[in-house]
Each structure stands twice: as C-alpha cells, then as structure tokens.
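The values are calculated or read from the model by the stated rules, or taken from the named source; none is laboratory data. As the structure is a prediction and not an experimental result, all values here were calculated from the model. Backbone-built Cβ (ideal geometry, glycine too); neighbour counts: all protein chains shown.
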Amino acid sequence: MCALTADGEPEGWAMGALTGLRLTRRGAAVLACASVLLGFGLWASYPGLVGLGLALGVALLAALVGVAVPVPVRISRTVKPARVPRLADCAATVVVRNASTWLPITASGHDRVGGLDLPFDLPRLAPGAQEHTDLPIPTSRRGEISFGPLILHRYALADLAEVKQTYGDRTTVLVEPRVLDALSLPAGTRRGHIGADERIAHGGTDLTGLREYLPGDDLRRLHWATSARRGSLMIREDADPSAPHLTVLLDDRATSYDGEGFEEAVDVAASLLATAAASRSPSRVVTFSGSIDVTTTSPPTAVATGLEPELLGRLATVQATAEGGTGAHQLSGSPDIFVIVTGAQAALAPLLSDAAAAPVGIIAIVDHEPEHLVSASRGITVLRGPRAEELVHAWRSAVAR
C-alpha cells in the first residue's frame, strides 16, 4: 500500500487553493435586478426601489465574501496499491476533514481520474468531522493512470456565488501487464552458465570441474570416486546444458490487433518472461517497432512476479504503433526458444518462416474467434486464444515441459 496526500507527499493533510470565484446564474440575475432598481430608483427619486436595490446588492456582496473566505478543509489521499496488474482492483481513498471548530461545511466537486471527471459528493460536515470516499481507478488498460487534482465547489447562501477550491496536483498509478503462470519453458540447447554458446543435446548435466569440500556444500554433490582416490572430500561442479534461452518478439503494430488484443498480447509476453526469470533462464524481449529491446542474462531481483520492476514498467507503458517496424527476420535463428506474440490480423506466412529458423519456434496469436487453441503449421506450434488466459493455458498444455 502506498499512502499519498493530494500533493503527492507521504501521509499528512493537504490544504486547497481558491480558484474560479464567480457568480451563479441566480447571482447574475440578482446583480442585474439590483442595478436596474438602483438606477431607476435614483432616476425617479423612489426611495423604496433604491432601498430594495441596495438590499439585493448587500446580499450579493455578503455571498461573495462568504465564499471568498477559505474554509479549513483538509484532504488526504491513500492509494492501494501504487503499482497494480491490469484488471486488478485499485482505489484511491480520499479523506476530507473539517478543521474548523465552529463552521459546518457543505460542498460538492469532482476528482479527475484517467482523464475523466468522477463526481465527488461531500455531505454536510460538522466542525471537526471527517468523511471517507473510495474512488475506483480503472485498470482495464496498461500505463500510467493519473488522478487529481480534487476540486471542491462551494456555493454561497441562496446559491448566488460559487468558488472552486483545488487540492494538490496529479498523482499516478502504474497499471502493469498481468503475469500468468505459464508453468515452464521447453528444454533448451545451450549451457546454463554464461559464455558457453556451443550446442549440445537436450537434458542431463555436464561435469565441468571438481573442488574440495567446503562447509555448507550439498553432500549430494560429492564425487565419491575422486574423494576415495585423493583421500579428501571432492565436490563436483556441474553446468546444466538444458537451460533454455527465451526470445520473445512482441508485435506492437496496431494493424495486427482487434479491439483490446494488444493488451492481451503484452500479458502473454510478460507471463513468458516471468517464467524464464523464475527458472533463471536468460531471456530477451523485442518489439517490432524497436521501442523495447531488453536482454536479461542474470537472475533478476527477488520480486513477486519474477520480473525486474524496470522491465515490468517498460511493458506497462509500451503502446501499439502505426509504424511497420523492422519485422521478425532480424531475430531469425535466435536461440533457443523463439516466441512471436501477435494478433489475428497479422500476416502469418512471414512469421512462420521466421519462427522456423529457430531451434524451437512458437507463435502465439490473440484471436477472438479461434478454430483451434493449438495447431501446427510448417513444423511451428501455433497457439490461438481470445485472451491471455487461453493462450497461457495452451502453452502449458502443448509447450511447457
């Protein structure tokens, strides 16, 4: 949970600034009537009309003074959480407190959330009272969702005048792609330790060296034959030749998708990258347009999703583009597992050719009306589904090992 005031400061309360003092339609009508009565009364020497015009003028002046004096309203905002997966619940709790010891407050207003003005109805607050209001934050799309400032409207007696009071600046919530459990990656064809690029058979481990036993070493890794020969305990050092190297090509061309298809595609890409991170496998993610090209060669920091926050942030803000991009041919032959994530409107033939050049080629297509969830074409596994859930399920069923 991240606690922020309307000014974006940790905890505490924020005071507002007065803006937009103006007459309402009723106040403008009263001003016009007062002017006519005063003018006509003075011209006709009619004291009654002059008195009525002065009374209306005094009432209007009292209304303006009443709303021009700032009221001691204090506001705090709590956002839970500040970073949230797409489609997850997220809300900003706004607490309004009347800091006055004698003056009750009545106001209404709106809070700007994601470019939309959401109504904010504040009941009458007695002196010292406070009110809690939850404002839902939309998370249907990735990216930075801004909210604020909060604007309260106060009206004078008889609604003759209005003033707006603004509290704080904008604050943002980062909506990240969803990370679904893709279970595992298929077996790779390269050694797990960095720098070994030679191709070898799937499965098993390679003995790369021996060293003397150190306290805390796993006894299951003792090399008994050498230990007996040398008369001291020896530990074997192995390298896993089957650590898969994952390359994900995310098609970010807007013409490849229908509706919200690109949002689902980013979820699929994030899920596969998180699976690689969880298994400590090297990975790379590239977009067609080249806006993202990130390689992970070492185990990421220990976070809940398995992905580094910086990479999640890059995936959270990537948007579909109208540009054609460089295409997938530059990544043809990428070891070991080459996954192209695209939409149903993309031309499939060239993508199949590019995927076929890799040792393991897979194409995941966001398709709202798939005929089959899993199929094969030119020796390439093709996964189809309307949402990320179906595509990840197809991966678990047909690809994961």
Practice task
Given the conditions (1) closer than 30 Å to residue 259 by Cβ; (2) in contact (Cβ under 8 Å) with a residue 40 or more places away in the chain; (3) outside any strand (DSSP E or B), report the number of the one that residue 138 does not fulfil.
Solution key: (2)
Practice task
For residue 103, state whether it is exposed (fewer than 12 other Cβ atoms within 10 Å of the Cβ) and farther than 30 Å from residue 307 by Cα.
Solution key: no
Completion exercise
In the set 391, 383, the lone residue that is closer than 18 Å to residue 276 by Cβ, crowded, with 21+ Cβ neighbours inside 10 Å and in contact (Cβ under 8 Å) with a residue 40 or more places away in the chain is 391
Fill in the blank from the handout: Picked from the stretch 155-178 (must be assigned to a loop (DSSP other than H, G, I, E, B) and not aliphatic (A, V, I, L, M)), the residue nearest to the chain's Cα centre (by Cα) is 177
Problem - Residue that is touching a Phe, Trp or Tyr at 6+ places or on another chain (Cβ under 7 Å) and not in a strand (DSSP E or B), where the choices are 49, 61, 42, 87 - result: 49
Completion exercise
Going through the stretch 306-350 in order, the residues found to be among the polar types (S, T, N, Q), at pLDDT below 90 and part of a loop (DSSP other than H, G, I, E, B) are 326, 332, 334
Exercise for the section: Would you point out the residue of the stretch 351-363, among those that are small (Gly, Ala, Ser) and either assigned to a strand (DSSP E or B) or closer than 16 Å to residue 276 by Cβ (or both), that is farthest from the chain's Cα centre (by Cα)? Expected result: 358
Fill in the blank from the handout: Among 165, 130, the single one that is of a type in the set (S, T, N, Q) and either buried (at least 22 other Cβ atoms within 10 Å of the Cβ) or closer than 24 Å to residue 310 by Cα (or both) is 165
Fill in the blank from the handout: Across (1) farther than 30 Å from residue 309 by Cβ; (2) surrounded by 15 or more Cβ atoms within 10 Å (Cβ to Cβ), residue 114 clears everything bar (1)
Practice task
For residue 366, indicate whether it is within 30 Å of the chain's Cα centre (by Cα), within 18 Å of residue 268 (Cα to Cα) and among the aliphatic types (A, V, I, L, M).
Solution key: yes
